[in-house]
Amino acid sequence: MKINKNFLDLEASYLFSTVNKKTREFIAAHPEADVIKLSIGDVTKPLCPAVIEAMHKAVDEMADEKTFRGYPPEQGYDFIREKILEWDYTKRGINLQLDEIFLSDGAKSDCGNIGDIFATDNTVAICDPVYPVYIDTNIMNGRKDKIIILPCSAETNFLPAIPGAGDSVPDIIYLCFPNNPTGTVASKEYLKKWVDYANAHHSLILFDSVYEAFITDGKYPKSIYEIEGAKSCAIELRSFSKTAGFTGLRCGYTVVPHDLVFDGTELNTLWFRRQSTKFNGVSYVTQRAAEAVYSEEGQKEIQENLSFYRENARIIFEGVTAAGFKAFGGQYSPYVWLQIPQGFTSWTFFDELLEKCNVVGTPGSGFGKMGEGYLRLTGFGSRERTIEAVERIKKAFGKK
Ligand code: PLP
C-alpha cells in the first residue's frame with residue numbers, strides 16, 4: 001500500500017497552533033495578564049431565536065414516525081433551495097435554476113471537494129495572502145506545480161492584477177471578496193474584467209463569497225452572478241457560517257450554472273455525480289435551521305448580529321488608525337488588516353502586541369509570503385473586550 005504522496009508536499013500549517021501556543025505560554029508566564037483575543041475567525045454570538053425555534057420543531061418531527069425523515073436529497077431539500085434561490089438571487093435580479101444550487105456542510109468542504117471534478121494538470125491562480133484551503137487542497141490533488149500565485153499588495157488595495165498578454169493563462173482562478181484575510185472588497189467594474197478574461201480564455205472562476213453578508217449598502221456585488229457573463233465562467237461558494245453563525249452547525253451551498261461547459265461537459269452534471277457519490281446531504285434539522293434564516297424574523301435577527309460584528313470591526317479600524325497605524329478592510333468585512341511598523345516582522349509584532357497590550361492578533365505571514373508585514377485583527381469578539389483592546393493599542397502605540 002502506498003500513500004498519496006501529494007500530502008507530503010503540503011507545508012505544515014503552524015499558524016493557529018503557534019498563535020495558540022504562544023498565547024498559552026504568555027498566559028502561563030504572566031498569570032495576572034488579562035489577554036484579549038482579536039485573532040479568532042469564528043463567530044461568538046449564538047444562533048438567532050428564529051433558527052433555534054426551527055431546529056426545535058425539526059427535532060420534534062424527527063421524533064415522530066409520521067414526520068421522521070431519513071436520508072435527505074443529495075442536493076438539499078427543495079424547501080431550502082427554493083428560499084436560497086428566491087432571497088439570495090431572484091430578489092436581487094439574478095436568474096438561476098433550482099438544480100444549479102447544491103446544499104452542503106459548508107464552504108470549506110466545497111472549496112476542497114470541487115477540485116475532484118477538474119483535471120490534475122490544470123493551472124490554478126491563487127491570491128497571496130489567502131485563505132490557505134485553496135492552496136492546500138490543490139496540492140493534495142497533485143497540482144503543486146500548477147499553482148500560479150497572484151500577489152496582492154497595498155498598492156492595488158489587495159486586488160490581484162489580471163494576467164496580461166505574455167502571462168501564462170490560468171485554467172482555474174480563485175477569487176474571494178470580501179476577502180479573508182485583507183478585508184478588501186471588489187467592485188463590479190473590477191470583477192467584470194475577471195469575468196471577461198475568464199470567458200475569453202475559457203478559464204473557470206471559483207468565487208468565494210462567504211463574507212457577502214458584510215456588504216449592506218449595495219455599493220459592491222454580493223454575488224459574481226451580478227456580473228454579466230459570469231454564468232458561463234464562474235462557480236460561487238456561499239456559507240451560513242459568517243452570515244448566520246452556523247460555524248458549529250455546518251451549512252453552505254455552491255452554485256454551478258448549467259452554462260458552465262468545459263470539454264463538452266456540463267460541470268453541473270459532474271458536480272452532481274461527485275456529490276451524490278461522496279456526500280449524503282445535510283441533516284434535516286440543519287436544513288430547517290437554514291430555511292429559518294430566510295424569514296422576516298430570521299433576517300432581522302441575523303442582521304443584528306452582523307451589525308454588531310461590523311461595528312466591532314469599525315471600532316478596531318478607527319482605533320488602530322487613530323493610534324497611527326495604516327489599516328485596510330474593516331468596513332465590508334469582519335477583518336482589519338493592519339500594516340505593522342517598520343522594524344517588525346508579522347511574528348515579532350505579534351509578540352510586541354501580546355507583551356505591550358496583552359492583545360492577540362494573527363500574523364499576516366501565516367496567509368502567504370505577501371502577508372508578511374501585516375497582522376489580522378477580527379471583529380468577532382465582544383464589544384467590551386474589543387473597545388478595551390483598542391484602548392490599549394492606542395495607549396501603547398499612539399503618539400504621546
Ligand atoms: N472561505 C473563506 C474565505 C473563509 O474564511 C472560510 C472560513 O473562515 C470558509 C470559506 C469556510 O466556511 P465554512 O464555515 O462554510 O466551511
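Details
- Contact order relative to length of region 272-383, as percent, for alpha carbon pairs under 8 angstrom and 6 or more apart: 22 percent
- Charged-residue dipole, Cβ positions (Lys, Arg, Asp, Glu), the chain about Cα centre, Debye nearest 20: 1020 debye
- Springs between Cα atoms under 10 Å define the GNM used for the chain, and in it the highest mean-square fluctuation of VAL124, VAL195, VAL261 occurs at VAL261.
- Share antiparallel - DSSP beta bridges, the chain, percent rounded to 5: 55 percent
- Kirkwood-based shape ratio for the chain, expressed as Rg/Rh from alpha carbons: 0.97
- Among the listed pairs LYS2/LYS144; LYS108/LYS300; LYS326/LYS369; LYS22/LYS146, those beyond 28 Å (Cα-Cα): LYS22/LYS146
- Formal net charge of residues neighbouring PRO334 (Cβ-Cβ distance under 12 Å; K, R +1; D, E -1): +3
- In the assembled protein chains, LEU267 presents an accessible area of approximately 10 Å² (probe radius 1.4 Å).
- Projecting the Cα positions of VAL133, THR123, VAL282 onto the charge dipole of the chain (unit charges on Cβ atoms of Lys, Arg, Asp and Glu, taken about the Cα centre) puts VAL133 furthest along the positive direction.
- Note that region 30-138 presents 49 Å² accessible area per residue, ligands and nucleic acids not counted, probe 1.4 Å.
- Highest-fluctuation residue, VAL35, VAL360, VAL210 considered, GNM on the chain with Cα pairs under 10 Å: VAL35
- Selection of GluC sites (Glu not before Pro), region 14-90, meeting DSSP coil and at most 10 other Cβ within 10 Å: GLU32, GLU65
- Cβ-Cβ FRET estimate between ILE27 and THR348, R0 fixed at 22 Å, reported to 0.05: 0.70
- Local net charge near SER153, Cβ-Cβ under 12 Å (Lys/Arg +1, Asp/Glu -1): -2
- The chymotrypsin sites (Phe, Trp or Tyr not before Pro) of region 116-161 include none that DSSP puts in a loop with a beta carbon having at most 10 other beta carbons within 10 Å.
- Environment charge at PHE240 (Cβ cut-off 15 Å; Lys +1, Arg +1, Asp -1, Glu -1): 0
- Estimated from the Cβ-Cβ distance and a Förster radius of 56 angstrom, the FRET efficiency linking ILE149 and ALA63 is about 0.60.
- Calculated mean residue ellipticity, 222 nm, the chain: -11000 deg cm²/dmol, from DSSP H runs (n ≥ 4) at -39500 (n - 2.57) each, averaged per residue and rounded to 500.
- In region 141-243, trypsin sites (Lys or Arg not before Pro) in a DSSP loop with at most 14 other beta-carbon atoms within 10 Å: LYS219
- Between SER13 and ASN95, the simple label model (points 7 Å from Cα in the Cβ direction) yields a spacing of 4.0 nm.
- Between the residues ALA186, ILE173, LEU267, the greatest Cα displacement towards the positive end of the dipole of region 49-294, with unit charges on the Cβ of Lys, Arg, Asp and Glu, is found for ALA186.
- Separation of alpha-carbon centers, region 1-57 and region 187-260, rounded to whole Å: 26 Å
- In the chain, the portion of solvent-accessible area held by carbon and sulfur atoms comes to 52 percent [1.4 Å probe, whole percent, DNA, RNA and ligands not counted].
- Using a probe of 1.4 Å on the protein chains alone, the accessible area found for ASP167 is around 90 Å².
The values are calculated or read from the model by the stated rules, or taken from the named source; none is laboratory data. Since we're looking at a predicted model, the values are computed, not measured. Backbone-built Cβ (ideal geometry, glycine too); neighbour counts: all protein chains shown. To get the accessible areas, we keep the full protein, side chains included, count just its heavy atoms, and leave off ligands, DNA and RNA. Shrake-Rupley method; radii C 1.70, N 1.55, O 1.52, S 1.80 Å.
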